[in-house]
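Visitor: Starting off with a structure, shown below.
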Amino acid sequence: MTVSEKRLHQAIDTLKESGVRITPQRHAVLEYLLNSMIHPTADEIYKALEGKFPNMSVATVYNNLRVLREVGLVRELTYGDSSSRFDCNTTKHYHIICDQCGKIVDFHYPSLDEVESLAEQVTGFDVSHHRLEVYGTCKECKKVPSKGH
Ligand SMILES: [Zn+2]
Ligand SMILES: [Zn+2]
């Protein structure tokens, strides 16, 4: 069994335990997310699966993503633009984002707990979490010559 097959089985177990019905479309959305490393938007998921499910709408994809988010299998990443991206890696990690194509890639770095405790001390807030994003140009976009070069 590959790592992503294992994660799919675990995710399906989580759904079963939460009493969530596993429809073929829900299964496909989950599988697509687990195999996708680019943190797709709902639209990208829809485009990837519409051939397989001609009756599926973008709204169905959103609905499935909401269910998956509610049981904690998917995180929604909002970056101030209209399209949220979805991440099924729910372990702690950071993101690097491509300025050109908007792709989001995971990387691991020890969690910045000191920043959280300092912020708590300085401001008196109860800190819930933090978000760190690194920006740049991805490998694929570097290969495409851009204007002015
Ligand atoms: Zn890129
Ligand atoms: Zn991620």
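What follows is calculated from the coordinates using simple rules that are stated; it is not laboratory data. These numbers were taken from a predicted model, which means no experiment stands behind them. Cβ sites come from the backbone with ideal geometry, for glycine too, and all protein chains shown count toward neighbours.
Visitor: Picking from Glu44, Glu114, Glu17, which is most flexible by a Gaussian network model of the chain using Cα springs under 10 Å?
Guide: Of Glu44, Glu114, Glu17, the most mobile in the Gaussian network model is Glu114.
Visitor: Estimate the FRET efficiency between Glu5 and Gln100 by the formula 1/(1 + (r/R0)^6), using the beta-carbon distance for r and 41 Å for R0, to the nearest 0.05.
Guide: Working: r = 32 Å, r/R0 = 0.79.
So, using R0 = 41 Å, E works out to roughly 0.80.
Visitor: Still on this structure, please answer the following. Once label points are set 7 Å from the Cα along Cα→Cβ at both Leu132 and Arg69, what is their separation, rounded to one decimal in nm?
Guide: The two pseudo-label positions are separated by 2.5 nm.
Visitor: Cross-link partners among lysines for Lys143, C-alpha distance below 17 Å, same-chain residues fewer than 8 apart left out?
Guide: Lys143 reaches Lys103.
Visitor: Counting other Cβ atoms within 10 Å, keep those with at most 12, restrict to DSSP loop, and tell me which trypsin sites (Lys or Arg not before Pro) in region 1-103 are left.
Guide: Sparse-neighbourhood loop trypsin sites (Lys or Arg not before Pro): Arg21, Lys52, Lys92.
Visitor: How far apart, in nm, are the 7 Å Cα→Cβ label points at Tyr62 and Glu17?
Guide: 3.0
Visitor: Say we join alpha carbon atoms closer than 10 Å with springs in a Gaussian network model of the chain; which of His27, His129, His108 then has the biggest fluctuation?
Guide: It is His129.
Visitor: Taking Rh as the Kirkwood radius computed over C-alpha pairs, what is the Stokes-Einstein D of the chain at 25 °C in a medium of viscosity 0.890 mPa s, expressed in µm² per second?
Guide: The Stokes-Einstein estimate is 141 µm²/s.
Visitor: Moving on to the next point. State the Cα centre-to-centre distance between region 61-106 and region 1-51 in whole Å.
Guide: 13
Visitor: Quick test of the membrane-span-like rule: which DSSP H helices of the chain reach at least 20 Å along their long axis (C-alpha atoms) with mean Kyte hydropathy at least 1.0?
Guide: Passing helices, by number: none.
Visitor: For region 3-87, calculate the relative contact order in percent as a whole number, restricting contacts to Cα pairs under 8 Å that are 6 or more residues apart.
Guide: 29
Visitor: Aspartates and glutamates near Lys6 by alpha-carbon distance under 14 Å, same-chain residues fewer than 8 away left out - which ones?
Guide: Result set, ordered by chain and number: Glu31.
Visitor: Is it possible to state the helix-based mean residue ellipticity at 222 nm for the chain, with each DSSP H run of 4+ residues giving -39500 (n - 2.57), the sum divided by total residues, to the nearest 500 deg cm²/dmol? What is it?
Guide: -13000 deg cm²/dmol
Visitor: Just for the Cα atoms in region 3-87, what are the lengths along the principal axes, largest first, rounded to whole Å?
Guide: That gives 33, 29, 24 Å along the principal axes, largest extent first.
Visitor: Taking only the alpha-carbon atoms of region 94-143, what semi-axes of the equivalent ellipsoid follow from 5 times the gyration tensor eigenvalues under a square root, in whole Å, largest first?
Guide: 31, 10, 7
Visitor: Now for a different question. At a threshold of 8 angstrom on Cα-Cα distance, excluding pairs fewer than six apart, so keeping six or more, what relative contact order does region 94-143 reach in percent?
Guide: It comes to 50 percent, rounded to a whole number.
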